[in-house]
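Worksheet for the structure shown next.
The values are calculated or read from the model by the stated rules, or taken from the named source; none is laboratory data. Since this is a predicted model, take the numbers as computed values, not measurements. Heads up, the Cβs are rebuilt from the backbone with ideal geometry, glycines too, and the neighbour counts pull from every protein chain shown. Quick note on the areas: whole protein, heavy atoms, side chains included, nothing else; ligands and nucleic acids left out. Shrake-Rupley method; radii C 1.70, N 1.55, O 1.52, S 1.80 Å.
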Amino acid sequence: MGATVKPVRGLAGQGGLGWIELTWQADSYHPLVDHFAVYGSTERDFQPGPANLITKTVYTRHRHNNLGPTSQTWYYRVVTVDAAGNASRATNAVRAASTDSVTVSGRPVAVIGQFDRKSLELALAPNGYAQYPTRFPQDADYTHGVSTPGADWPYLHPGPADKWAGSKAHTFRFRFTLPAQPTGDLALAVWLIDTHASNPGTLDVSCNDTAVAAVALEKGATKGSLQGDATAPGNPLRPSIVELTLPRAALRAGENVLTLGKATGSWHAYDALGVFEPRR
Amino acid sequence: MIDLPSRRTFLGLTGVSAAALVLGTGAPANAQTPGGDNVPADPFQLGVASGDPEPTSVVLWTRLAPQPLAEDGHGGMPRRDIDVYYEVAEDERFSRVVRRGRAVASPELAHSVHPEVDGLRPGREYFYRFRAGGEISPVGRTRTAPAARDRVDRLTFALASCQAWYHGHFTAHRHLAADQPDLVFFLGDYIYEYAITASNLWRQGVQVGGAHAVEVKTLEQYRLRYALTKTDPHLKAAHATAPWVSTWDDHEVQNNYADAHSEYGVSPEDFERQRAVAYRAYYEHLPLRRTSLPQGPDMRLYRRLGWGRLADVNVLDTRQYRDAPPTDSTAGGEHTNPARSILGTEQERWLTNNLRRSDATWTMLAQQVVMAQIDRDTGPGTTFSMDMWDGFTANRDRVFDAVRRYGVENFVVLSGDIHRSVAADLKADFTDPDSATIGSELVVSSVGSDGDGAPTDSYAPIWLGNPHVKLYDARRGYVHCTLTPERLTADFKVVDHIQRDDQAPVSTVARFVTEAGRPGLNREA
């Protein structure tokens, strides 16, 4: 007790899609750290204050979320506050940028729903999951240009941990047509408004029977089964984004079938999904 | 609450006894803290408490907080040390004061003080109060333990646990305090870390601001959650009426944590940082001795309480040292691994030694999670909750082996966690109802968690499907026990509602008697 409060060391930022992950090092015990106050701004020369406080945390990392689909550049400073309420000086500002989503930079090929942080335009949204077993006994099978989001693509994709959906694996199909095999890879964007908090499971993606990826989904807030607007003030939802490459070799002229399988874990809640041609 | 004594007596205090305890500053006991008498008005809003009685000493507690819900967690106190004076008397008018002293309340410990008062007489009632500046605290009643070899005719004690403030009023504490037990055992989940929002704020007649609508992780947030919990007047009354012997469960840190393992994807290094601030806040708000002052992410909470020749109580910590949950949930799988421990090596060795040396009539464990085996499959299958002792079957077997090996005749386990009133026999072989009964377990319901509740619910068939379970009730409540050399009488108390107000009357849903020398529960009402 009584030791001077030192600022954190090694503050750094790593950008991703819609987020910037900040990390640092600190001695949390001498004196005991109450919290690290993380301040951020899009202005390089900002001064830390209540208006630009992003979070208070005891951890040595923080993910600055909900930065949207377009790349953003931010500057961050961290202040350490100890158990007695004493504050360190702020660190120097560190710069980091999030990345562009293919939904912004690419050309849409086939899309279900709107990438708007809401599930509301999808079937059964925002809380009708109990009807899933009767409305979708064979799971979703969606044909681009024929099906409609509000009738044919449920907002919630159950997993085997969900008793209400039969405690079994569930596979959704997304059919879309290409006039010719593309000259390069395409991209699949799957935006989620929420996932299960402790057991989000894995999303298995295949394209025309070629396995593309098995994505361990991020943990959410287990609220997306009951509410569908992640832009509402104070909402508890925890959105996440999956964007991955569809290899040219797995694609073909005519009908292509994407399968999204959930063979582990509990549900995830869609915002929108789509196939895009990336900017070359 | 007890009437306030004369202000003049206490305000007239000048000198400080040589027994004064200064905690947290290292200042000599006879030197006053500069500026330490300049105290904001009404600083005792979080009440007073005492705990961990020994034959000649007890620890007292208060925390100065003139604005208990100040969002920085410092209770509206200035960032400097404050002198807090205390006195202990044989009568509630303070005409026979036996000890006076001073402790320093410092911002590092959120202006909490934990003076340990020595030189008291064994087995008797005392009254205590604090003064800071010109402000005098409410009066608390406490009690020392009988001397180690004394014969004790009677001990009354209450069990309580699980205080989700937002789920309802602490009506159970109102009735518990009115009983005026000699001791209170608090068996975990003193606070809950969850965000308080419109969806879980079932306690009617209150409002909370946005600072409470976040999951608790920082020290200022933990301090704020303890302060919010302690604004309940009945909790304060329960603290003021008897010494508490407290242990924690998971929600004082995070749901279902195990040692440095969080089930929410936090690295062990970062989770220990959270544990450190959670443990600090726990220490700051409970009447605990210096031996429990946390060191970084570690805090010694397991300890022994003796009550003459009547009872030995081992207070356990089944959270801080436990192995991570098994990776499979299969009955007979990893949870039966002999290497698994819910106590950790050192605590298990300590407990085994205590069981070997115990020569009191009754030997009790005051702890968190249910110890009896509970098969949660009402059909032919078998499933277990891995968060309870069922997740650590070899550790339970080793404890039971020690109980039998050392001839511990009257073995009683006190538990909480499940928000239900449950009573169970502890069996040598839980799969064989005819096997020997080696003790009994009293599981106290919650004070607040789960709201109003009902006499029965959908979990009743699970619990009552286990033949050694003798009671299941899903209302809020507490347990009042009377212990004599001949028998333990446990009255399970319940209230019918807690959400709309704190006016529900109390009733006794069941009374169990265990005769000394004859293990097992006998239902009398």
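Of note:
- Conditions (1) without any contact (Cβ under 8 Å) to a residue 60 or more places away in the chain; (2) under 18 Å from A:A130 (Cα atoms): number failed by A:T210: (2)
- Residues satisfying the stated conditions in the stretch B:138-167, i.e. outside any strand (DSSP E or B) and closer than 30 Å to B:H212 by Cβ: B:P138, B:S161, B:C162, B:Q163, B:A164, B:W165, B:Y166, B:H167
- A:A221 being without any contact (Cβ under 8 Å) to a residue 60 or more places away in the chain and either buried (at least 18 other Cβ atoms within 10 Å of the Cβ) or among the hydrophobic types (A, V, I, L, M, F, W, C) (or both): yes
- Of everything listed in (1) without any contact (Cβ under 8 Å) to a residue 40 or more places away in the chain; (2) away from every other protein chain (no Cβ under 11 Å); (3) open to solvent by 10 Å² or more (accessible area, probe 1.4 Å); (4) not polar (S, T, N, Q), the single unmet condition for B:M299 is (3).
- Tally of residues being within 14 Å of chain B (Cβ to nearest Cβ) and either open to solvent by less than 40 Å² (accessible area, probe 1.4 Å) or among the charged types (D, E, K, R) (or both) across the stretch A:28-61: 16
- Inclusion of B:K470 among residues that are open to solvent by 30 Å² or more (accessible area, probe 1.4 Å), over 22 Å from B:T229 (Cβ atoms) and of a type in the set (K, R) is warranted.
- Taking the criterion of being of a type in the set (S, T, N, Q) and part of a helix (DSSP H, G or I), the residues of the stretch B:168-224 that qualify are B:T171, B:Q221.
- Residue check, B:E87 surrounded by 20 or more Cβ atoms within 10 Å (Cβ to Cβ), at pLDDT 95 or above and within 25 Å of B:S292 (Cβ to Cβ): yes
- Filtered by the rule that a residue be in contact (Cβ under 8 Å) with a residue 12 or more places away in the chain, more than 14 Å from chain A (Cβ to nearest Cβ) and either in contact with a helix residue (DSSP H, G or I) (Cβ under 6 Å, 6 or more places away or on another chain) or not small (G, A, S) (or both), the stretch B:72-96 gives B:D83, B:V84, B:Y85, B:Y86, B:E87, B:V88, B:E90, B:D91, B:E92, B:R93, B:F94.
- Whether a residue is in a loop (DSSP other than H, G, I, E, B) and buried (at least 20 other Cβ atoms within 10 Å of the Cβ) was assessed, and B:R322 passes this test.
- Some residue of the stretch B:262-269 being touching a residue at least 40 places away in the same chain (Cβ under 8 Å), surrounded by fewer than 23 Cβ atoms within 10 Å (Cβ to Cβ), over 22 Å from B:F186 (Cβ atoms) and within 11 Å of chain A (Cβ to nearest Cβ): yes
- Candidates B:D390, B:D359 - the one that is surrounded by 21 or more Cβ atoms within 10 Å (Cβ to Cβ), in contact (Cβ under 8 Å) with a residue 40 or more places away in the chain and assigned by TED's automatic domain parsing to the domain that holds B:T330: B:D390
- Residues of the stretch A:66-123 that are assigned to a loop (DSSP other than H, G, I, E, B) and within 30 Å of A:H30 (Cβ to Cβ): A:A83, A:A84, A:G85, A:N86, A:S88, A:R89, A:A90, A:T91, A:N92, A:A93.
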